[in-house]
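Notes to accompany the following structure.
The values are calculated or read from the model by the stated rules, or taken from the named source; none is laboratory data. Note that the coordinates shown come from a computational prediction; the quantities given were computed from them, not determined experimentally. Reconstructed Cβ throughout: ideal geometry from the backbone, glycine too, with neighbour counts over all protein chains shown. Heavy atoms of the whole protein, side chains included, go into the accessibility calculation; ligands, DNA and RNA do not. Shrake-Rupley method; radii C 1.70, N 1.55, O 1.52, S 1.80 Å.
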Amino acid sequence: VRDLLHSVTWLEVREIKLEIGKKSLVQNSTLPFRIRKLTFKDASFTDQYITRIAVLLKEITSLQELEAIDCVLKGKGAWDTKEIASSGQSLVETVSVINLMIPSFHLFFDLEGMESQINKLKRLTIASSRVFMVPCKLAKHFLSLLYLDFHDNLLVNNRLNETICEDAWPSLQTLNLSQNSLKSLKQTANSVTRLPKLINLDISQNNFGEIPDVCEWPKHLKYLNLSSTHIPKLTTCIPPTLEVLDVSANNLKEFGLQLPFLKELYLTKNHLKALPGAAPMPNLVAMSVRRNKLNSFSREEFEGEQVGAVHLSLMECHRSLAVLLICALVFLVILVLVAVGYKYHVVWYLRMTWAWLQAKRKPKRAPPKDICYDAFVSYSENDSDWVENIMVRELEQACPPFRLCLHKWDFVPGKWIVDNIIDSIEKSHKTLFVLSEHFVQSEWCKYELDFSHFRLFDENNDAAILVLLEPIQSKAIPKRFCKLRKIMNTKTYLEWPLEEEQQEMFWENLKEALK
């Protein structure tokens with residue numbers, strides 16, 4: 001087994017009869033394992049072997065399905081359940097046992113103590129193995145089981161009533177009880193009513209013989225197989241919720257049920273002399289009536305719309321074309337939305353909203369100890385020569401010197417742009433915008449305004465300083481920077497003079513604003 005853990009997904013072992021030691025099956029093996037399914041065929045087990053294999057197989061963490069076919073169990077279920085339970089939860093989701101021979105099956109234990117090993121199981125098949133009941137206490141612990149197949153066993157109605165007791169099999173959706181010894185359809189229906197999530201039920205090849213007028217069934221039952229059950233007629237015992245009904249190989253002479261949701265009806269191998277009426281089954285899609293006694297069809301049976309009068313939709317006639325057209329339409333709609341979004345700067349507004357939400361979560365002001373800069377400078381790359389070689393030199397060489405934060409020098413590499421901008425603004429006393437025609441057209445400056453102007457201008461303080469590097473009309477500023485446009489109309493800003501004699505006054509005013 002150790003040699004195969006990494007090479008096969010399904011391992012089948014045949015005709016083995018051996019004792020198993022306590023050595024690990026995965027000793028010195030490295031993850032991940034590939035094996036998913038393990039099948040024993042024509043194997044012979046003892047109670048001790050079952051105990052050891054149940055413990056050791058838990059080490060194969062990839063194993064999801066166990067299968068035993070034509071095997072013999074020379075024991076009576078006297079497994080060491082304490083050792084099995086103490087070894088941890090089983091990860092197997094599917095167990096199939098087909099044609100298991102237990103010579104002393106009438107002495108078999110009730111498997112008390114195995115409850116902890118079955119609550120994760122999703123699919124269980126025990127077929128052709130003389131099963132006549134499952135103890136109620138054990139059945140209540142199959143909490144996750146969705147599929148249960150008990151076909152070709154020895155279940156009778158009294159034992160079925162105990163097997164499907166109250167609160168047993170709470171998640172079960174599919175149940176196969178075909179080829180058992182059930183005699184009463186009414187009792188069978190009453191038993192499965194305790195399965196609130198049951199959708200599919202196969203009780204074919206049971207000798208019911210009679211059918212009552214009224215039965216109780218699970219509320220969500222959609223599939224019912226009653227084939228080969230020797231029922232002579234159909235009554236309102238059949239649940240009206242069905243979508244698929246199979247009553248093949250019975251003694252039916254007519255079919256007159258009203259089943260509004262029925263989509264598939266199988267009536268093969270009966271004694272019908274006439275077709276069922278169409279009106280009681282308006283949603284019927286498929287019907288099989290092979291091997292009946294249909295000698296002729298009356299005019300009434302075929303009355304209805306003629307083929308030429310039926311107008312089917314485009315989807316029904318040309319499904320591939322319809323799907324292609326829908327895909328093309330969806331693509332066109334997406335294209336239009338992208339174009340509209342680009343034209344009206346939808347992405348910009350979304351980014352803006354996200355930045356605003358990020359900023360709103362943080363405190364209005366950083367603690368004084370966290371403030372590292374006198375100002376954060378926002379400028380266009382095209383104006384970098386003036387900012388870095390003239391303004392920075394003038395301010396950082398002043399007495400006392402100002403400490404400026406520039407994205408080119410002070411942003412943390414690898415950090416998200418939003419966090420870099422917001423953190424830099426919060427760690428600065430002021431934010432200095434160097435405005436120019438390049439600024440309002442620059443994508444980089446759009447980012448910085450996107451992620452900063454909500455926080456700056458919502459606080460109604462003097463944190464923002466505007467420097468006009470060149471004459472610029474407020475109308476030239478994009479409309480989406482509405483607060484910036486408003487500030488330029490209502491707040492004093494500094495203009496960079498071209499005359500050298502006025503530049504001294506400009507620097508004095510800027511230094512005063514930064515203090």
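Only one of ALA43, ALA54 is open to solvent by less than 60 Å² (accessible area, probe 1.4 Å) and under 20 Å from LEU138 (Cβ atoms); which? First the steps, then the outcome.
Values: ALA43 fails: under 20 Å from LEU138 (Cβ atoms).
Exactly one residue qualifies, and that residue is ALA54.
Against the list (1) open to solvent by 60 Å² or more (accessible area, probe 1.4 Å); (2) assigned to a loop (DSSP other than H, G, I, E, B); (3) touching a Lys or Arg at 6+ places or on another chain (Cβ under 7 Å), the condition ASN28 fails is (3). Could you please give the count of residues in segment 120-143 that are open to solvent by 40 Å² or more (accessible area, probe 1.4 Å) and in a loop (DSSP other than H, G, I, E, B)? Within segment 120-143, residues that are open to solvent by 40 Å² or more (accessible area, probe 1.4 Å) and in a loop (DSSP other than H, G, I, E, B) number 8. Across segment 57-80, the qualifying residues are those that are assigned to a strand (DSSP E or B) and surrounded by fewer than 18 Cβ atoms within 10 Å (Cβ to Cβ), and the one among them that is modelled with the highest pLDDT is GLU65. A Cβ distance below 8 Å, combined with a sequence gap of six or more or placement on separate chains, defines the contacts here; from segment 404-421, residues that are assigned by the TED database to the domain that holds MET391 reach residues that are outside any loop (DSSP other than H, G, I, E, B) and loosely packed, with under 13 Cβ neighbours inside 10 Å in the pairs LEU404/GLU396. Taking the criterion of being of a type in the set (A, V, I, L, M) and within 18 Å of SER128 (Cα to Cα), the residues of segment 52-106 that qualify are LEU66, ALA68, ILE69, VAL72, LEU73, VAL95, VAL97, ILE98, LEU100, MET101, ILE102. Taking residues in segment 219-242 that are at positive phi, and partners anywhere that are open to solvent by 30 Å² or more (accessible area, probe 1.4 Å) and in a loop (DSSP other than H, G, I, E, B), the pairs with Cβ atoms closer than 7 Å and at least 6 places apart or on different chains are SER228/GLN205; SER228/ALA249; HIS230/ASN207; HIS230/ASN251. Annotation: of all residues in segment 421-435 being among the β-branched types (Val, Ile, Thr) and modelled with pLDDT of 85 or more, the one that is farthest from LYS515 (Cα to Cα) is VAL434. Of all residues in segment 31-56, those satisfying the criterion of being of a type in the set (D, E, K, R) and either part of a loop (DSSP other than H, G, I, E, B) or touching an Asp or Glu at 6+ places or on another chain (Cβ under 7 Å) (or both) are ARG34, ARG36, LYS37, LYS41, ASP42. Figure legend. Inter-residue proximity from segment 311-322: first residues in a helix (DSSP H, G or I), second residues modelled with pLDDT of 80 or more and open to solvent by less than 100 Å² (accessible area, probe 1.4 Å), beta-carbon distance below 6 Å, spacing 6+ or different chains. Indicated pairs: LEU314/ALA322; MET315/ALA322. Scanning segment 110-162 for residues that are closer than 19 Å to ASP80 by Cβ and touching a residue at least 40 places away in the same chain (Cβ under 8 Å) turns up just one, GLN117.
Filtered by the rule that a residue be open to solvent by less than 20 Å² (accessible area, probe 1.4 Å), aliphatic (A, V, I, L, M) and in contact with a Lys or Arg (Cβ under 8 Å, 6 or more places away or on another chain), segment 155-196 gives ILE164, ALA168, LEU172.
I'd like to know if segment 291-299 contains one or more residues that are charged (D, E, K, R), modelled with pLDDT of 70 or more and either within 29 Å of VAL247 (Cβ to Cβ) or surrounded by 10 or more Cβ atoms within 10 Å (Cβ to Cβ) (or both). Yes: segment 291-299 contains one or more residues that are charged (D, E, K, R), modelled with pLDDT of 70 or more and either within 29 Å of VAL247 (Cβ to Cβ) or surrounded by 10 or more Cβ atoms within 10 Å (Cβ to Cβ) (or both). Taken as a whole, segment 444-464 holds at least one residue that is under 24 Å from THR492 (Cα atoms), part of a strand (DSSP E or B) and modelled with pLDDT under 85.
Per the listing LEU195, LEU252, the residue uniquely part of a loop (DSSP other than H, G, I, E, B) and farther than 26 Å from ALA168 by Cα is LEU252.
Scoring ASP213 on the criteria (1) open to solvent by 20 Å² or more (accessible area, probe 1.4 Å); (2) modelled with pLDDT of 95 or more leaves a single failure, condition (2).
Residues in segment 393-439 that are β-branched (Val, Ile, Thr) and buried (at least 18 other Cβ atoms within 10 Å of the Cβ): ILE421, ILE422, ILE425, THR431, VAL434.
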